[in-house]
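Report on one structure; see the data block that follows.
The values are calculated or read from the model by the stated rules, or taken from the named source; none is laboratory data. Keep in mind that this is a model prediction, so the values were computed, not measured. Neighbour counts run over all protein chains shown; Cβ positions are idealised from the backbone, glycine included.
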Amino acid sequence: MVRRRRQGERIEPSFERVTSGAGAAPGAQVRPPEKRGGKPAPKSSVKPRAPAKGPAGKTQNGKAPAARGRAANAPSGRKRGAAKSRGRLGRLLKRTAYWSVVLGIWGIITVAGVLAYYAAHLPPSSEWRVPNRPPNIQIVSVQGRLIANRGDTGGEAVRLEQLPAYLPNAVIAIEDRRFRSHFGIDPIGLARAMVTNLTRGTLVQGGSTLTQQLAKNLFLKPERTISRKMQEVVLSLWLEAKFSKDEILEMYLNRVYFGAGAYGVDGAARRYFGKSARQVSLAEAATLAALLKAPSRYAPTRNPDLAERRAQLVLTAMHDTGFISADQAKNAIAAPAQVVSRHNSASENYVADWAMELLDGYVGPVSEDLIVDTTIDLDLQRKAEKELRAALADKGGKLGVTQGAIVTLDTSGAIKALVGGRDYASSQFNRAVVAMRQPGSAFKPFVYLAALESGLTPETMRVDRPISIKGWQPKNYTKKYYGPVSLKMALAYSLNTVAASLANEVGPARVARTAQRLGISSPLKANPSLALGTSEVTPLELTAAYVPFSNGGYGVVPHVIRSIRTQSGEILYQRTGGGPGQVIQPDVLREINSMMAETLQTGTGKRASLGDRPAGGKTGTSQDLRDAWFIGFTADLVTGVWLGNDDNSPTKGATGGSLPAGIWHDYMLAAHEGVQVTELPGVPVGWNRLADSNGNVPVPPRNLRTVNGEQGGRILPPPSSGGFFRRLFGG
């Protein structure tokens, strides 16, 4: 049935080809009307009307739109949507880039403004100077070997090219991997540190570069403020602009703190490993680099396990950055660094400290690196230290002795060894130079010398008996009396009554002057008890006062510094001159030496005997056994040994003839290895075999003359002399 047209419904013209529908034959085509004259009519401006849809989306003919039309329109819609998305993304990227640039520019301006503000609080840049490194003083032995470094750093300044490459690389690997590429500030490292610290909720990492650390160490106070941090940045940029990377790294390594009082890598290497930074191994280099994060916490002397783990972390970082191979890292981890403790406890540190105390008097304030040449023989120094430590470890506890000192001088007064205590690390008090102790009977040679100079001889007889001098009643150590004895035997057996009588006879003032003439510089109380060594002296001055006995009677000035020079070789001080000249006449010298040789042959110093080598000396024990001494000499060396306690408490029976004489004997034997046997004035070679049946060594007559020199006098007879003794001691 044909559908009737609704009233008022308008039928629009269609310009599309009709494929089916009422009123058109299949295949028929509707043509547009033609204008008059046979020309086609113009195209209508009216848009074609889409087919009307009926219920359920159908067209008027009751059929759905063709699928081909939908398929054709879908791709073009998606393309238009993708194009719109791309347009929006491009616009977003452009806006992001634009605002990033804008914000970056403003950020740079802001940072520059902040830096300029804080830089304004610094001195003018024209006045910025890298401060000089604190001067280092190298103290070297007579052989030119390093004894110790002194100064604020503890080590010398080293050039970067002098160091093994893995040492600076270890520092870079663990402290600032991008050191070679950044401009003084490491934005990447700073950002990483901020993220890490925020995520951990605590300060775990720092963002400071090596340049920033150097700037802080050189110019700024250790404050944790924004102002100081900004100034650190400004100064870091200045350092990077003014110096090369190698120069910055060298300055850093020579100034950074490594703990234990060591500033600079050389000071640290000597402090922990007893060697120069030029000689450290890979494991030692890693240990040093590990210290930088927290010197006290990672010090191998305090926390060896923690230090080793941190050093392994450094080695891993070095491998990760390509500085070392896997095999090198494994080998270093398998053989970790070993701390050397001797460097900190060695006795030569007493010498170094004393040399530093003397330095100002020779050259004034020190403003540059110096080399101090000393008279110390390091071989003798270490032999003396060895003997003292061994004796105290073996018998010190039994005898109630906790400390000791040894001093050795040659015949010119040069100090060859000086041990100020048993262990420098536990006590830096220099007993050899500073300790004031009673010398006891070790002072008696000055009494007997004064007596000989007044006209007495070694064979002069005196009676050993109880005496009283102005109410003072000296007694012998044995509490016994031996009657008539020669002065030689009285000195050998250290009889107190005879020494006190002689001092009273010649006068205490004369005894004091005699001791001072030979080198005692401490105040001496000129009273009767002076003869028994009641006035305090130091081990150094007492030993030095024995030197004239060994060198032909010439006084000396004990000295430890030979010269002082700069690193460039400029001489600032050179020792010249000698001592006070002849202080003992040759004939008296032969007599006193024969008496002191007897002490080692038959007297209280028998334990110190050196056999066929001529030697003399004297034991000393102070009141209440508080001090025990042995001072002795050969033609080459003079050595003093003191034992006692710092609190001046009595020992448990330590006397000069016991432990001190034994130490002196063992040390002097070692010190004279390879040294030719030389006679002393008054004591010829083989003197110990020439003693008579009573043990007395013959004494040459006074009319012999000597040819004296620094190495001792050789006894020569007068041209017309004769007789057994003169022929015997003449050559």
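Going by the structure shown, is residue 402 modelled with pLDDT of 95 or more, surrounded by fewer than 22 Cβ atoms within 10 Å (Cβ to Cβ) and farther than 20 Å from residue 140 by Cα? Yes.
Of all residues in the stretch 386-401, those that are without any contact (Cβ under 8 Å) to a residue 60 or more places away in the chain have Cβ atoms under 9 Å from Cβ atoms of residues that are surrounded by fewer than 17 Cβ atoms within 10 Å (Cβ to Cβ) and of a type in the set (A, V, I, L, M, F, W, C), 6 or more apart or on another chain, in 386/670. Do you know which of the residues in the stretch 514-533 that are out of contact with any Asp or Glu (no Cβ under 7 Å at 6 or more places or on another chain) and free of Cβ contacts under 8 Å to residues at least 40 places away in the same chain is nearest to residue 467 (Cα to Cα)? The qualifying residue nearest to residue 467 (Cα to Cα) is 527. Taken together, 394, 379, 373 contain a single residue that is surrounded by fewer than 16 Cβ atoms within 10 Å (Cβ to Cβ) and more than 19 Å from residue 271 (Cβ to Cβ), which is 394. Within the stretch 435-468, being surrounded by fewer than 24 Cβ atoms within 10 Å (Cβ to Cβ), among the small types (Gly, Ala, Ser) and in the same structural domain as residue 513 (by TED's automatic domain parsing) holds for 454, 455, 468. Within the stretch 306-316, can one find any residue that is within 25 Å of residue 424 (Cβ to Cβ) and either acidic (Asp, Glu) or at pLDDT 95 or above (or both)? Yes; the residues of the stretch 306-316 include at least one that is within 25 Å of residue 424 (Cβ to Cβ) and either acidic (Asp, Glu) or at pLDDT 95 or above (or both).
Selection of the stretch 139-172 for residues being of a type in the set (D, E, K, R) and farther than 15 Å from residue 276 by Cβ yields 150, 152. Kindly establish whether residue 214 is crowded, with 19+ Cβ neighbours inside 10 Å, touching a residue at least 40 places away in the same chain (Cβ under 8 Å), more than 14 Å from residue 180 (Cα to Cα) and hydrophobic (A, V, I, L, M, F, W, C). Answer is yes for this residue. Output the residue which, of all residues in the stretch 296-326 that are among the aliphatic types (A, V, I, L, M) and in a loop (DSSP other than H, G, I, E, B), is nearest to residue 284 (Cα to Cα). In this case the residue turns out to be 299. In the stretch 162-181, the residues that are without any contact (Cβ under 8 Å) to a residue 60 or more places away in the chain reach residues that are among the hydrophobic types (A, V, I, L, M, F, W, C) with C-beta atoms within less than 7 angstrom, at least six apart or across chains, in these pairs: 176/210; 178/188.
Check whether at least one residue in the stretch 457-472 is at pLDDT 95 or above and closer than 21 Å to residue 631 by Cα, and report yes or no. Checked the stretch 457-472: at least one residue is at pLDDT 95 or above and closer than 21 Å to residue 631 by Cα. Restricting 163, 146, 203, 198 to those that are assigned by TED's automatic domain parsing to the domain that holds residue 265 and either surrounded by 15 or more Cβ atoms within 10 Å (Cβ to Cβ) or at pLDDT 90 or above (or both) reduces the list to 163. Tell me, please, whether a residue that is outside any helix (DSSP H, G or I) and of a type in the set (A, V, I, L, M) can be found in the stretch 447-455. No.
For every residue, the table says whether it meets (1) assigned to a loop (DSSP other than H, G, I, E, B); (2) of a type in the set (D, E, K, R); (3) surrounded by 21 or more Cβ atoms within 10 Å (Cβ to Cβ).
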{"residue": "238", "(1), (2), (3)": "no, no, no"}
{"residue": "241", "(1), (2), (3)": "no, no, no"}
{"residue": "248", "(1), (2), (3)": "no, no, yes"}
{"residue": "266", "(1), (2), (3)": "no, yes, yes"}
{"residue": "272", "(1), (2), (3)": "no, no, yes"}
